[in-house]
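The structure appears right after this line, and notes come after that.
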Amino acid sequence: MKKVTLVSAVLAALCTTPAMAAQVEMYGLLDTGVKVQKIGEGDTTFSMESGQRSGSRVGVRGNEKINDTLEVGFVLEHGLDSDTGADGDDEKFFNRNSYLYVKGDYGTLKIGRTGALSGGCNGNMFAGSATPFGITWGLAGANKTMQGLESRIDNSLTYNTPKMAGFTLYAQFSNGTDGDDHTQENKAERYTALGVRYNVGKLDVRAVVDQTLANGRFDSDDKFTAGITANYKFDFARIYAAYQYAENATFSNNAGAPFRPDLDHSHAFILSARVPAGGVELMPQIAYVRASGKGDEKGQDFDRLGLTMGASYDLSKQVDLYAAATYARFGQDFKDHEKGDDAWEVMSGIRYSF
């Protein structure tokens, strides 16, 4: 039996099992659209894409109140390509989320596979909120400017405190990042992260530091990032600003670059907004990163400038339309493009959530 059939069977069984009748629901999202893109001297391409704005998925989640102060729940989520019906991952059954959680007066503890604090996937509290584009929207995503972001992590413990005077504290540890399931334990990458969020009224400020310990130990190649993002809702718009510092990262893929240099360090800046205009929400963004290479690129400097205008329109509570145009320039030594390229793309699509 194919995996997608097994997924459907498991989800159906979970949603109909009387023993779990407390609070169990099936949910999902389909995102399908089209994209025109050109990177450097390559050909202009036209394609149908899944998950341009949000990854298409189907999942089941449930919870049970043990008593007035204690809740236990779970999330199981499977990704798919809505344009072809293919699995989002050939190796993982629930490749997006797979965790249990315990929630009480002293906070929430998640156990299992979820998003890294610094990333933009489910469970994150930084890159996904640093800009209206999160880490999706093609070349506009924060992960094309911010470097070294982890996506999802396996075998993780994630804890956050209750909100206190506007502050929420976060801590996360994984003894095996994504893809390390079959790695010898003492060679698996360790991931650690600490975060803090301050949210009062129209102001939302978040900061995260994290470190990925190569081969499970501290050494010169361990990846480190530190970032802060803030947004404030004015009467005319919500304005976002973000900064990130990274060490020992590799320049993000699909960044309008013909190659991926190893970096000694980088500084990333993003300024963006959500601007209501009638029934449409406009999302302008300017993003810039400057970085210093190492290894074969030691002593060389790199930068990337990205300009984006996005738009979103809600047809209903479950359905929305979106579109975006992005221009990106990647260069070496902040001058000519001997080892750099321009890139541009235009995308549009529709999302349906249930």
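Just a few scattered comments:
- Filtered residue count, region 266-302, keeping only those that are open to solvent by 10 Å² or more (accessible area, probe 1.4 Å), among the β-branched types (Val, Ile, Thr) and within 19 Å of the chain's Cα centre (by Cα): 1
- Unmet requirement for Ser316, which otherwise passes all of (1) under 22 Å from the mean Cα position of the chain (by Cα); (2) within 30 Å of Leu29 (Cα to Cα): (1)
Conditions (1) closer than 25 Å to Ile270 by Cβ; (2) buried (at least 20 other Cβ atoms within 10 Å of the Cβ); (3) modelled with pLDDT under 90, marked per residue:
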residue	(1), (2), (3)
Ala116	yes, yes, no
Phe126	yes, yes, no
Pro132	yes, yes, no
Thr145	yes, yes, no
Ser156	no, yes, no
Ala165	no, no, no
Thr177	yes, yes, yes
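- Residue check for Tyr322: touching a strand residue (DSSP E or B) at 6+ places or on another chain (Cβ under 8 Å), of a type in the set (Ser, Thr, Tyr) and open to solvent by 50 Å² or more (accessible area, probe 1.4 Å): no
- Any hit, region 267-289, residues being of a type in the set (Val, Ile, Thr), over 25 Å from Ser47 (Cβ atoms) and at pLDDT below 95: yes
- Checking each residue in region 19-58 for being under 21 Å from the mean Cα position of the chain (by Cα) and of a type in the set (Ser, Thr, Tyr) picks out Tyr27, Thr32, Ser50, Ser54, Ser56.
The values are calculated or read from the model by the stated rules, or taken from the named source; none is laboratory data. Computed from a predicted structure; not experimentally measured. Positions of Cβ are backbone-derived with ideal geometry, glycine not excepted, and every protein chain shown enters the neighbour counts. We work out accessible area using only protein heavy atoms, side chains counted, and drop any ligands, DNA or RNA first. Shrake-Rupley method; radii C 1.70, N 1.55, O 1.52, S 1.80 Å.
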